[in-house]
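Worksheet: the structure to be examined is printed underneath.
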Amino acid sequence: QVQVQQWGAGLVKPSETLSLSCAVSGGLVNGYCWTWIRQSPGKGLEWIGEIAPGRGTNYNPSLKSRITISLDTSKNQVSLSLTSVTAADTGVFYCARSRYSFDSTAHYWGQGSLVVVSS
Amino acid sequence: SSELTQDPAVSVALGQTVRLTCQGDSLRSYFPSWFQQKSGQAPVLLVFGNNERPSGIPDRFSVSNAGSTSSLTITGARAEDEADYYCSSRDTTGKIVFFGGGTKLTV
């Protein structure tokens, strides 16, 4: 069974960089589409961006200037970097993996990482 | 277009059938995905593509797509179906993904 695990700092100071990573237990990150989604407290889901084999990265236009999604095959993990954070970036961040290499549906989800932006 | 519209809240009686809708121009070009999120939990993929369900998702959940509207039907609603439901689709460029605002289902 595919299990997505994610980790990262839960408290980030304003203006600093949020960094999260995820991986799949017993499998490789390469060859699948990885998506990052966030959920502000009490709000709905917001797509942050994705990285997919052969298609590179796509980002939410509203966050594009601050986001980097990367894949590190040597560490077998996918990472999200969000720079210049403010309190409005507080929320639960999810990473999700596709089932196949050729699709991008967020099939398998991580448990979520709560990130609080506060000094 | 990049907007998906869902009813904010819907209620259904136990055992009855309920239909949740998602509307957006991009649905004319892309099949949506539907997710269920129970309180305090990560979302779960319910239906994707042309009414495909991941393994473990009961066939009580089904989707029909027509034009700019996608409808998630839950047949025989159970108490455990009480959750937030989100639809998702790519925009017309195919490069951006959007979520609807979500529907809070009360059983």
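Readers should treat all values here as calculations from the given coordinates under stated rules, not as data from a laboratory. Quick caveat: nothing in here was measured; it's all calculated off a predicted structure. Using ideal geometry, Cβ is built from the backbone for each residue, glycine included, and neighbour counts are taken over all protein chains shown.
Observations
- Residues residue A:116 and residue B:78, FRET efficiency given R0 of 41 Å [Cβ-Cβ distance, rounded to 0.05]: 0.75
- Average partner coverage of A:75-82, which counts Cβ from other chains inside 10 Å: 0
- Across chain B, counting alpha-carbon atoms alone, Rg and Dmax equal 13.0, 40 Å.
- Dipole magnitude for region A:1-90: computed about the Cα centre from +1 point charges on Lys and Arg Cβ and -1 point charges on Asp and Glu Cβ, it is near 80 debye.
- Taking a straight Cα-Cα cut-off under 19 Å and skipping sequence neighbours fewer than 8 places away in the same chain, the lysines within cross-link reach of residue B:104 are A:43, B:38.
- Spin-label model, residue A:30 to residue B:21: label points 7 Å out along the Cα-to-beta-carbon direction sit 4.8 nm apart.
- The ranking of A:83, B:17 from fewest to most other beta carbons within 10 Å of each one's beta carbon is B:17, A:83.
- Absence of a disulfide-compatible partner, taken as no other cysteine beta carbon within less than 4.7 angstrom, is noted in the protein assembly as shown for A:33.
- Among B:52, A:50, B:80, the ranking by other beta carbons within 10 Å of each residue's beta carbon, starting with the fewest, stands as B:80, B:52, A:50.
- Segment residue A:7-residue A:103, length gained on full extension (0.36 nm per residue, minus Cα span): 32.1 nm
- Take each residue in B:51-61, count the other chain C-beta atoms within 10 Å of its C-beta, and the mean is 1.
- Each other residue within a Cβ distance under 14 Å of residue B:27 adds +1 if Lys or Arg and -1 if Asp or Glu, for a net charge of -1.
- Gyration tensor verdict on region A:44-119 (Cα atoms; rounded if a/c is under 1.5, prolate if a/b is larger than b/c, oblate otherwise): prolate
- Proximal charge balance of residue A:106 [Cβ under 13 Å; K/R count +1, D/E count -1]: +1
- Across peptide A:45-51, the average count of Cβ atoms from other chains found within 10 Å of a residue's Cβ is 4.
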